[in-house]
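The values are calculated or read from the model by the stated rules, or taken from the named source; none is laboratory data. In this text, all values refer to a predicted model and were calculated from it rather than measured experimentally. Cβ sites come from the backbone with ideal geometry, for glycine too, and all protein chains shown count toward neighbours. We work out accessible area using only protein heavy atoms, side chains counted, and drop any ligands, DNA or RNA first. Shrake-Rupley method; radii C 1.70, N 1.55, O 1.52, S 1.80 Å.
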Amino acid sequence: MRTDLLTEPVDGLTELLAVVDAFDRTLVNGLLRPQPAQAAALADLADALAAGPLAAGVAGAAEKAATGAAGEEHLMLLAAARGALLGAAHDALAAVVTAATGRTAGTHPAAAPAPAAPLNVLAAARSWLCDLARAGWQGIDHELVAGAAPVVSAMLPDPALRRLAVLLDGFAAELAASCPGAALERVPVRRWADLWARALLLTQPGALAEPPAVPVTGRLLPLGVDLQEHATAAQAQVHAVFEPADGGPSRLVRASVAVPKPDTVVGAGVWQLLRPQCALLAAAGEGRAMELTGMALTAAGDLHWQDELAVAGEPADPFATARVALAAAHAAVTPPLERHPARLAEPVFLVGYAVRPEDAVGPGAGADQEVGMHPENGVRFELAGHQLFVDTDRIPAAGPLTPAAVAASTACIGLLRWDAGRFVLQPLAVETTVKKKTVAVHAGGWAGGTADKLGVKAEKAATEAVAVLRERAGRLLRK
Amino acid sequence: MLSEVSSDEQRWGESSTARVLAPARVRKLAKVPFVELADGRLQGVVSSGSDIERVYVSSVAAGDHAFACSTNNNRPCGGARGSFCNHILALVGEAVLQYGGARVARYLKVDAGEGEPTAAQLSSAMRAARPSAVPGKELAAAVFSRFLRHLAYLELAPSTAPLPELHWFPPTRVAVA
Ligand SMILES: [Zn+2]
């Protein structure tokens, strides 16, 4: 991989993100009584879109918002404008990733029609989000934030609305813990604007459309498991190389399984909820390929997993897959509405790097700082004089991979991401040396179950927690 | 590299995946199946030691630490007349296990000094302010319905359709302060 390309400035990105940042700061005070600085930021957002198809609408919306008179349709346009800028940022960064990995990029498909969604609950969500924008993060209180709960409860059981429900639920939990907003010491400005804008766009009819899928048959070689979670939902995505039986080019694909959960189900308990839905988690944990027959695959690289269309195959070491099959696999394409830098998660394989402490600056810096190493705060991999930050904090706690193992590693399968102004590597698995032997350690090593002593203990505690909740639910829920 | 000039704080503000909440810590749920910091209160549900069908709904408000405790059938708790009953003490104990003492202290606005206060320190600091008991009837109904909503999450089916928005929610190994 050409890590040098990852540290070079990307043309126009700084200017573009400055416009986004200024808009995001308008949401700190809220849009009820905008100050001159907020009006200027809104005008800059409109200017940045002046050459695009949204130009006239956004200019009008920015003017309305600058006088504190933005209606839902205006806020929707501002969110779309912000989304267009971050979509452009995504494309520029994705081009860097493609150049660095030397991978063949796929092509954009048209979206399939969206499933019919009940409009009233979408309208309720939109109305809550618009109230938030007017109040601003510093204006939130318990009453305002509590408005999300009935919307989320109404949406969660409907599979067509699960995406929006899970987003609103995680967002509202953060806001609730941050009330009252007037007392906030610091605000996650980019993050909350992201979540707000994303949710608002998803309330538009048609926004929940999925890319079209075609049935595929062939061999699936797992690379690693990416776990994502907030207090009341979790998702595991298995990244893999798919080799079609018809001899076509191999492709990078993902299989996902997600579940809403009570906040007290954590760690191994999350794997227990996900495991029964997806035999691939166990296959990935055991280092096995799977043979798929007629399983739906979207152009975005998402398999719609169905256990009945897959059987366990031969042993397949993910590091062998990474060394032999990863480079030639064609990349997946992000669907148009999902383009955002936070959505980049490109599987990569790194080897031959030196590990440096997180606070090392410049090539070679920190080479003698073994003593100052705090792998739990992250480390850096240095390749050919260029450094890549490795986010060890996002390794799930319920698994055998640890920050220390990453710091002692010699090869790494990871996801290349971009956040807060830099490319970041999320480790999925490493090779490290134990007693002069090379061993592989996987972040998702416990996904399918484990015989590890610590893992067994965590599994038992999680089983007990869920049993207690089920007993309580059985006794009390029917009333 | 540009990132070298940003402070950690600035980077946090510019991060799409900035960690805001720490995950709940593992705890045993038998005695106190539900604890939350919500609506300006520490509130939750405590299983009765003697009757398997009965639970107590207990709460302590942030700021004035006004407290309430009653059963799910709206019987007031005999122990919570003048001061915190055992249910409230158990609730504080489990909240400290789940969220850490510092987060509970900050939410309830308890001045318990620096660092991570223990449950005992928190309870005695709150009791020293002589908080008053408030009628628990309406409160209990609201908290109990939130508990049922919480339990209902176990009834929701998993799905293999991708949820792209969860890219914004990475796990964290660190307890967010
Ligand atoms: Zn009581």
Could you derive backbone 3J(HN,Hα) for the range A:251-268 from the dihedral phi with the Karplus parameters 6.51, -1.76 and 1.60 (θ = phi - 60°), listing whole Hz in sequence and x where the residue is Gly or Pro? 10, 7, 9, 9, 10, 10, 9, 9, 8, x, 8, x, 5, 7, 8, 9, x, 4
Ranking A:Ile140, B:Ile52 from most to least accessible area with a 1.4 Å probe gives B:Ile52, A:Ile140
Qualifying trypsin sites (Lys or Arg not before Pro) for the range A:1-76 [loop in DSSP, other Cβ within 10 Å: at most 10]: none
Around A:Gly224, which amide H atoms from residues at least 5 apart in sequence, or from another chain, sit under 5 Å from its own amide H, with H modelled in the peptide plane? A:His239
Just to verify a number: what accessible area does A:His304 come out at with the full protein assembly present, 1.4 Å probe, Å² rounded to tens? 50 Å²
Let me confirm one metric for peptide A:166-179, namely the mean number of other chain beta-carbon atoms within 10 Å of its residues' beta-carbons. 4
Along the three principal axes, how long is the range A:214-324 when you take its alpha carbons, biggest first, rounded to the nearest angstrom? 46, 28, 22
For chain A: relative contact order, % (alpha-carbon pairs under 8 angstrom, 6 or more apart): 14 percent
Counting only residues 5 or more places away or on other chains, whose amide H sits under 5 Å from the amide H of A:Leu31 once H atoms are built in the peptide plane? A:Arg134, A:Ala135, A:Gly136
Projected onto the charge dipole of the range B:25-150 (+1 at Lys/Arg Cβ, -1 at Asp/Glu Cβ, origin at the Cα centre), which of B:Gly78, B:Gln121, B:Ser48 gives the Cα projection farthest towards the positive end? B:Ser48
Of A:Lys460/B:Lys31; B:Lys31/B:Lys109; A:Lys460/B:Lys28, pairs whose Cα-Cα distance is over 21 Å: B:Lys31/B:Lys109
Which value, in Å² rounded to 10, gives the accessible area of A:Asp141 with a 1.4 Å probe and all protein chains present? 70 Å²
Suppose accessible area is computed on protein heavy atoms with a 1.4 Å probe; arrange A:Leu119, A:Leu202 from highest to lowest. A:Leu119, A:Leu202
From the C-alpha coordinates alone, can you work out the Kirkwood hydrodynamic radius of chain A, in Å? 23.9 Å
In Å², and per residue, what accessible area does the protein assembly as shown have when probed at 1.4 Å with the other protein chains present? 40 Å²
Which far-off residues, 5 or more places away or on another chain, put their amide H under 5 Å from the one on A:Ala332, with H placed in the peptide plane? A:Leu252
Computed over the range B:25-150, the distribution of all Cα-Cα distances in 5 Å bins, rounded to whole %, is 2, 12, 24, 26, 20, 11, 4, 1, 0
Is there a quick way to get the dipole size of the range A:336-442? I mean about its Cα centre, with the Cβ of Lys and Arg at +1 and of Asp and Glu at -1; what is the value in debye to the nearest 20? 300 debye
How much accessible area does A:Asp246 have with a 1.4 Å probe, in Å² rounded to the nearest 10? 130 Å²
Is there a quick way to get the dipole size of the protein assembly as shown? I mean about its Cα centre, with the Cβ of Lys and Arg at +1 and of Asp and Glu at -1; what is the value in debye to the nearest 20? 2040 debye
What does the average come to when, for each residue of peptide A:224-234, you count the partner chain Cβ atoms lying within 10 Å of its Cβ? 5
Need one number: nm distance between label points at A:Val456 and A:Asp11, each 7 Å from Cα along Cα→Cβ, rounded to one decimal. 6.0 nm
Where the only charges are on Cβ atoms (+1 Lys, Arg; -1 Asp, Glu), what is the dipole of the range B:25-150 about its Cα centre, to the nearest 20 debye? 140 debye
Show A:Lys261, A:Lys437 ordered by accessible area, largest first, where the area counts protein heavy atoms only and the probe is 1.4 Å. A:Lys437, A:Lys261
Under the Karplus relation with 6.51, -1.76 and 1.60 and θ = phi - 60°, whole-Hz ³J(HN,Hα) for the range A:417-424, x at Gly and Pro, equal 10, 9, 7, 6, x, 7, 6, 9
Solvent-accessible area buried by pairing B with A, both sides, nearest 100 square angstrom, 1.4 angstrom probe: 7300 Å²
At a 1.4 Å probe, what is the % contribution of carbon and sulfur to the accessible area of chain B? 52 percent
With the Cα gyration tensor of the range A:336-442 giving a ≥ b ≥ c as the square roots of its eigenvalues, does the rule (a/c under 1.5 for rounded; else a/b larger than b/c for prolate; else oblate) give rounded, prolate or oblate? oblate
Between A:Ala183 and A:Glu143, what length in nm is gained on full extension when 0.36 nm per residue of separation is reduced by their alpha carbon distance? 12.8 nm
If Rh is defined by the Kirkwood formula over all Cα pairs and Rg also comes from Cα, what ratio Rg/Rh do you get for the range A:275-354? 1.00
Between A:Ala99 and A:Thr67, 0.36 nm times their residue separation minus their Cα-Cα distance comes to what? 7.1 nm
Peptide A:33-39: average number of partner chain Cβ atoms within 10 Å per residue? 0
Report ³J(HN,Hα) in whole Hz for each residue of the range A:189-196, in order, from the Karplus equation J = 6.51 cos²θ - 1.76 cosθ + 1.60 where θ = phi - 60°; Gly and Pro get x. 4, 5, 4, 5, 5, 4, 5, 4
Counting Lys and Arg as +1 and Asp and Glu as -1 over every other residue whose Cβ sits under 14 Å from the Cβ of A:Ala62, the net charge comes to -2
Would you jot down the residues in the range A:262-288 that end up with at least 10 Å² less accessible area in the complete protein assembly than in the chain alone, with a 1.4 Å probe? A:Pro262, A:Asp263, A:Thr264, A:Val266, A:Leu273, A:Gln277
